[in-house]
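I have placed the structure first, in the form of structure tokens, so that the comments after it can refer back to it.
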Amino acid sequence: MHRKPQRQPVRILVTVLVVLGVAALSLLLGSQKGLQPQHYIQLTIDGVRAGSIYALMALGFVVVYSVTGIINFAQGEFVMLGAMICLTVNDLDLPLPPAWKMIAAILAGVLLTTIIGATMERLTIRPARRSPPVTLIIITIGVTITLRAAALLVWGADPHVLPAFTTLALEDKIFRFGGVIVQAQSLWIWATLIVTLILLYFFLERTLLGKALRACAVNRRAAQLVGINPDRMSLLSFALAAALGAIGGIVLGPVTRPIYDMGVMLGLRGFVAAIIGGLVSVPGVVVGGLLLGVVENIAAGVTDPAYKSVVSFVILIAILLFRPQGIIGGGEKPAEEA
Amino acid sequence: MKRLRAHPNFAGVVILAVVLAVFGAIDLIRPFGLRFSDLSGRVVTIDTMIRIGILTIVVVGLNLLMGYAGQVSLGQAGFYALGAYASGVLTTLASRHGMLSGIADTWWWPWLAIIIGMLLTGLFAYLVGKPILRLKGNYLAMATLGLGMILYILAGQLSALTGGYDGLTGIPRLRIGDFALWPAQRYYFLVWGAAIAVIVVGLNIVHSRIGRALRAIHTNETAAETSGVDTEHYKVLALVISAMLASLAGSLYAHFQSAVSPSPFGFKASVELVTMAAVGGLSSIWGAPLGVAVMFVISNLLQSQLETIFHIRGGEYELIIYGLVLVLIMIFMPKGVISSLSAGRRNAGRDPEEAA
């Protein structure tokens, strides 16, 4: 990219103006609805909670995309499967105390979803590895459709319930700070995001397998030349993405009511978060996810909740058009050469 | 040479038209009390045939865009919705609010509305196409997906115009003068007449300068541009054509259902359209009716079989198989059913690029 140097300040100026304009508009709309400062804090906190889930999903997109070059539509279904398997195991009549049962259910949810992710790679991605991106997208869409319909068959069309982690019951513990409410589950979600990021960091930076995965993301061919098997890395990336998705779905479970088609919108939002972060950078997509969650929630708060998803799609298209390399990823090189 | 090459397509169009006319005539005349659905063991009814015809029109456009120009669209249902809502809004709201009195009641107003819808949708596609078609591959897919979703959500939210999630009802049936194109047996002829016309137009585009330019872009965009093809112009043109066809189909759908609501135009619809195009064969106009018909028959059969075997009704259970079929076809027949069928003919010394 050969950008003329003098355009950089203009670009920054325009961005700042747009951001200020949007912020002013939100405040105006908010004041018309009579929103107080604590409402904005509440909206931000809830937005960060949703954003943490988007971040976990976006990580799944990044892992698969950077290793294989595939946008994996089924990422949202991993979230759904994680939550559904977890609540199903938790409902089983196991001779365990409730806390241990919950832990077993969480492990089962993550493990089984990981296996499903790996199976998906083996059965559908591997045989079509050399196909153009369009074909691979359609394949992951096909898998998505199948998984969702299978979930409908197994779990039915009604929403389910996953108990909160703290109370192991439907009612969650609530902390109040002035007029602001924080659910205990929100703390679990944030803690999970942080722990997952730390584990992911250690895996990618400190273990041989993680380094091999990164090498494959940097240059598949070169990695192959030094003895890394790219097929295994592709398998690993899908398994990892499935695990990340399942973790997101399980911690999210208690604050929503898991339903068989929850993956669609979550998957699309996770993708938007990934795009904000430039699709290849881990810190970028985490910030991207949090940002999306907050912006979306405040925008919905000052207008109408029904427009929540319109906001994310507008952001998606705007970023794809004006900054395909992402906002936060910051690199000069677009994730996908335009 | 050119005349010879046009022959198989000409014959194909004639055969298709005759077969479809016979199908339609059976239901119109009912010899010995037979109906069309009896012939197909009640899997395909005249109703299904109309739906196949309507979607064929959309998929021909999608084939031009995806198969020939190589530009992915996961938001085609959005254009389809624009057409349906243009017809719905112009034919119901106008008379309800007493606007356009004297015009909104005439027989030709719905037809004019169809054309207005196509022009508006084409204009919209032109405006969004300019920036969006600079994107490629995955990014284009996601941008069109976002676009389709925005249109879908707006259809549900702008309730003053669209009737919200309940939609618009009471869309009049089409008629010519005093001759109503209804019941379905008559509407069938209109839909398939339009579908065959669209197939003919599609075949002509493919074999014209535009078609050659689109194929050049698909093969190698940089090379096409270096050889003097105005790639941006042709890509936008393909999008506009496909959007206008989708709009036409949407209008026909609105007059068929006599109602529109957002639900048939969501992400699932876009995916189904792409599936139908891919199953038939992306780089093939003839793949369009084939792909639509195959997927319709598969899902109808699955629905009825699942009902009799597992005693489950409604739902979307047949999508399990639907998704599997999609995956299998993409893995084993990425060029679609039609190119696998015509593989033998190609081996007999035919230039594969010419088989449209």
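Readers should treat all values here as calculations from the given coordinates under stated rules, not as data from a laboratory. On a predicted model such as this, the values are computed, not experimentally measured, just so you know. When we count neighbours, we look across all protein chains shown, and the Cβ atoms used for this are built from the backbone with ideal geometry, even at glycine.
A few comments on the model shown:
- Note that segment B:183-188 has calculated 3J(HN,Hα) couplings of x, 3, 4, 7, 4, 3 Hz, one per residue in order, obtained from phi through the Karplus relation 6.51 cos²θ - 1.76 cosθ + 1.60 (θ = phi - 60°); glycine and proline are x.
- Inter-chain neighbour count for A:149-155: the average number of beta-carbon atoms from partner chains within 10 Å of each residue's beta-carbon is 4.
- Charge sum, other residues only, whose C-beta stays under 9 Å from B:TRP107's C-beta, Lys/Arg counted +1 and Asp/Glu -1: -1
- Prolate/oblate/rounded call for segment A:1-80, Cα gyration tensor, a/c under 1.5 rounded: oblate
- Neighbourhood net charge (12 Å Cβ-Cβ; Lys/Arg +1, Asp/Glu -1) for A:VAL255: 0
- Judged by the mean number of other Cβ atoms found within 10 Å, the most tightly packed of the peptides B:302-308, A:275-281, B:89-95 leads the ranking A:275-281, B:89-95, B:302-308.
- Relative contact order of segment B:2-354, defined on C-alpha pairs under 8 angstrom at six or more residues apart (%): 29 percent
- Fewest-first ordering of B:SER261, A:SER52, B:SER299, B:SER242 by other beta carbons within 10 Å of each residue's beta carbon gives B:SER299, B:SER261, A:SER52, B:SER242.
- Spatial separation of Cα centroids for segment A:88-149 and segment B:234-271, in angstrom: 34 Å
- Taking B:PHE36, A:PHE238, A:PHE73 and counting other C-beta atoms within 10 Å, the order from fewest to most: B:PHE36, A:PHE73, A:PHE238
- Segment A:178-229 versus segment B:111-126: alpha-carbon centroid distance in Å: 49 Å
- With neighbour counts taken as other beta-carbon atoms within 10 Å, the residues A:GLU205, B:GLU318, A:GLU121 rank, fewest first, as A:GLU205, B:GLU318, A:GLU121.
- Using the Cβ-Cβ distance between B:LEU341 and B:GLN257 with R0 set to 25 Å, the FRET efficiency from 1/(1 + (r/R0)^6) comes to roughly 0.15.
- Stretching the chain fully between B:LEU28 and B:SER304 yields a gain of 96.8 nm (0.36 nm per residue, less the alpha carbon separation).
- Test item: A:123-132 mean partner chain Cβ contacts at 10 Å: 3
- Per-residue mean of foreign Cβ neighbours for A:269-281 is 1 (Cβ atoms of other chains, 10 Å radius).
- 31 Å Cα-Cα threshold exceeded, pairs from A:LYS211/B:LYS268; B:LYS130/B:LYS268; A:LYS173/A:LYS211; A:LYS308/B:LYS268; A:LYS173/B:LYS268: A:LYS211/B:LYS268; A:LYS173/A:LYS211; A:LYS173/B:LYS268
- Summed side-chain charge close to B:LEU39 - residues other than B:LEU39 whose Cβ falls under 13 Å, Lys, Arg +1, Asp, Glu -1: +1
- The packing ranking of peptides B:96-109, B:224-237, highest mean first, is B:224-237, B:96-109, where packing means the average number of other beta carbon atoms within 10 angstrom of each residue.
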